[in-house]
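Notes follow the structure.
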Amino acid sequence: MYDYILVGGGTAGCVLAARLSEDPAVSVLVLERGRVHDAWYARIPLISSDVTSKATPIVRSPSIPITGAEGQVVDIVHAEVLGGGSAVNAMLVTRGAVGDFEHWAALGHPEWGYTSLRPYFIKSEKSLSQRSGDRGYSGPWVNQTFPDYPYKVQSSVKAAALALGFADVGDLNAANVPVDAFATLDAAIDGKMRRMSTYHAFLPAEITNARRNRLSVCIKAVATRIMVEGGVAVGVEFESSDKSVPGAFYARARREIVVCCGAIGSPQLLLLSGIGAAEHLGEHGIETVSDLPGVGQHLQDHIGLPLMYEVPLEDTLHYIENNMWAGALELGKYFLGRKSIMGVPVTLIAMFAHSSHLDEETAAVSNTNAAPSEATGDNRPDLEIMPIAHWCSEPPPYKIKMGVFSFLLCNVQPKSRGSVRLASRDPHLRPTVDLGFLSNAEDFVPLRKGIRLALRLAEAMRADGYPMKDFQVPSSEAESDLDAFIRTHLRNVFHYTSSCRMARREEGGVVDDDLRVYGVRGLRVCDASIFPCVTSGHTMTPVIAIAERCADLMKKGC
């Protein structure tokens, strides 16, 4: 018996567990499907963010074929580890544009606008690099920027971006940032150059040991069902992911249960518990507890599209992949506390823009003074370009022995929607995920402009003397060739959101503005699945702010 049961010890779950267990009179149980990942390499920024490595604690499952992309199947990535995505991702700390949260408020969620969330962004963080009233300096979650770029190609990109009219902003997370901006990004890396996941920030050993009498963390625990009695969530059934530990277990909650399994896992658990569309539940022989058709619907992810170029090998990460001694040297420098590429994120810089602000012919920023328009949403970006000194398409079928540089282009306001549905009643199996990419033809519009922008950046870099050859680019800028390139080379960016979204029940919502699940008392969802719509930045930071606010709501009894 516990006061609170948190199902999922990921990015949100660790924050929520730490904040709720601050009260010495409260008991908290965290059920995490994955394990603790504390090997020596787990906090080295470069190594720990390699999602292609078998040592990284992730599980892949295939999406269903993407109809709008010639039936391609892409991998859905599940982070099975305490800390969730924050333990394996690219560590980028981007709140999203102020306009993202003002848009949430305009959708009918006034308490989730930027003004309401700003204190929670500040509360969590300890910024080592930025100095402004918009940033936090005493929170547990440490981040910093890395303005000394390790590769020449990154400096070349910056010069090209500024030449095309992008504003060079010192702090992308400040409130007054223009829509069309070039930025050196904040990363969740501490002063000792170690990854700062929410596990390390919020649930380190000193906290869990000090709160041992009221905070229990159970790893390798697969929740099978939320038990509901008389319309109230009262407990969680779970099993071990370790086949050598047979049998079922049960924990009961005095106050509340919170599902924090992410935008793929949370709808799956709700459906297994009889919370979802009655028709779909009936297909799997599951009794309906709450008929909520919105569960698993409205799934979003940023649509990614890599354009790649051949550049000098030594100006990319492929150099240390192909040179064992160079890799050993960088690792040695890292352990000696010296500057090393092992201690910085793969993505250091990025450009954001709204496609309507780009000149049709030159792709230069031409409309930066446009008044924010609620109709077009141009007060928040719909494009992001991440320059990355590495191959950025799906894992290559062979070892890359040349230098590859990528512009990873993303549509960060996709209009397409996907879904998460049960594949089976077996909770150990992954659900069926339809990303829905390009199901709305409007998503081609910003992607076409983004491709032209990336091509202009490459032209400017070449004109400035940087050597780069086309490797994976469209055959021409004709609309048909651009669309064919998009369909052939798109990828997901692992920013899954909105599958248990906050909205009115009659509009397909799953939770109300206090994150309470409709039709079941004592049950909330707290993770990226509740986003009314995906933000225009990387999703880790807003998830942390949501967890901070959820903890406050629960403490106040809201």
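The values are calculated or read from the model by the stated rules, or taken from the named source; none is laboratory data. What you see is a predicted model, and the numbers here were worked out from it, not measured in a lab. Cβ: placed from backbone, ideal geometry, glycine included. Neighbour counts: every protein chain shown.
Looking only at residues of the stretch 214-244 that are in contact (Cβ under 8 Å) with a residue 12 or more places away in the chain and exposed (fewer than 13 other Cβ atoms within 10 Å of the Cβ), we find that the one that is nearest to residue 34 (Cα to Cα) is 242. Residues in the stretch 184-213 that are crowded, with 20+ Cβ neighbours inside 10 Å and among the small types (Gly, Ala, Ser): 4 in all.
In the stretch 65-78, the residues that are in contact (Cβ under 8 Å) with a residue 24 or more places away in the chain and on the phi < 0 side of the Ramachandran plot form Cβ pairs under 6 Å with partners that are of a type in the set (A, V, I, L, M, F, W, C) and outside any loop (DSSP other than H, G, I, E, B), at six or more places apart or across chains, as follows: 72/66; 76/433; 77/58; 78/59.
Taking the stretch 43-52 as the region of interest, how many residues are in a loop (DSSP other than H, G, I, E, B) and either charged (D, E, K, R) or surrounded by 13 or more Cβ atoms within 10 Å (Cβ to Cβ) (or both)? Matching residues across the stretch 43-52 total 4. Considering the stretch 306-363, and only residues there that are exposed (fewer than 15 other Cβ atoms within 10 Å of the Cβ) and acidic (Asp, Glu), the residue that is farthest from residue 477 (Cα to Cα) turns out to be 314.
Candidates are the residues of the stretch 179-215 that are more than 30 Å from residue 28 (Cβ to Cβ) and of a type in the set (A, V, I, L, M); the one that is nearest to the chain's Cα centre (by Cα) is 185.
The residue that is surrounded by the most Cβ atoms within 10 Å (Cβ to Cβ), counting only those in the stretch 264-290 that are part of a strand (DSSP E or B) and in contact (Cβ under 8 Å) with a residue 24 or more places away in the chain, is 275. Candidates in the stretch 179-209 are the residues that are among the small types (Gly, Ala, Ser) and either part of a loop (DSSP other than H, G, I, E, B) or at pLDDT 95 or above (or both); of these, the one that is nearest to residue 453 (Cα to Cα) is 181. Given the criteria crowded, with 21+ Cβ neighbours inside 10 Å and either under 19 Å from residue 493 (Cα atoms) or at pLDDT below 95 (or both), does residue 400 qualify? It is false that residue 400 is crowded, with 21+ Cβ neighbours inside 10 Å and either under 19 Å from residue 493 (Cα atoms) or at pLDDT below 95 (or both). Contact map, the stretch 163-188: first residue closer than 15 Å to residue 135 by Cα and without any contact (Cβ under 8 Å) to a residue 40 or more places away in the chain, second residue in a loop (DSSP other than H, G, I, E, B) and of a type in the set (Asp, Glu), Cβ cut-off under 9 Å, separation 6 or more or different chains; pairs are 176/134.
Within the stretch 449-467, the only residue that satisfies the criterion of being under 23 Å from residue 394 (Cβ atoms) and surrounded by fewer than 20 Cβ atoms within 10 Å (Cβ to Cβ) is 455. For the stretch 374-486, the strands (runs of 3 or more DSSP E) that sit wholly inside it and include 3 or more residues that are within 21 Å of the chain's Cα centre (by Cα) and within 30 Å of residue 237 (Cβ to Cβ) are 418-421, 432-434.
Looking only at the stretch 225-263, residues that are over 24 Å from residue 18 (Cβ atoms) and either in a helix (DSSP H, G or I) or touching an Asp or Glu at 6+ places or on another chain (Cβ under 9 Å) (or both) come to 7 in all. Given 26, 15, which one is within 17 Å of the chain's Cα centre (by Cα) and either modelled with pLDDT of 95 or more or assigned to a loop (DSSP other than H, G, I, E, B) (or both)? Exactly one of 26, 15 is within 17 Å of the chain's Cα centre (by Cα) and either modelled with pLDDT of 95 or more or assigned to a loop (DSSP other than H, G, I, E, B) (or both), namely 15.
So, restricting to strands (runs of 3 or more DSSP E) that lie completely within the stretch 63-178, which ones have at least 2 residues that are more than 18 Å from the chain's Cα centre (by Cα) and either surrounded by fewer than 19 Cβ atoms within 10 Å (Cβ to Cβ) or aromatic (Phe, Trp, Tyr) (or both)? Don't jump to the end; show me each part of the working.
On the way: elements: 75-79, 125-127, 141-143, 167-169.
In the stretch 63-178, the matching strands (runs of 3 or more DSSP E) lie at 167-169.
For every residue, the table says whether it meets (1) buried (at least 24 other Cβ atoms within 10 Å of the Cβ); (2) more than 18 Å from residue 271 (Cα to Cα).
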site: 437; (1), (2): yes, yes
site: 443; (1), (2): no, yes
site: 474; (1), (2): no, yes
site: 487; (1), (2): no, yes
site: 493; (1), (2): no, yes
site: 499; (1), (2): yes, no
site: 507; (1), (2): no, yes
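Residue 319 satisfies every condition listed in (1) in contact with a helix residue (DSSP H, G or I) (Cβ under 6 Å, 6 or more places away or on another chain); (2) farther than 30 Å from residue 191 by Cβ; (3) among the hydroxyl-bearing types (Ser, Thr, Tyr) except (2).
Condition test on residue 293, is it under 27 Å from the mean Cα position of the chain (by Cα), surrounded by fewer than 18 Cβ atoms within 10 Å (Cβ to Cβ), at pLDDT 95 or above and not in a helix (DSSP H, G or I)? So residue 293 passes the test.
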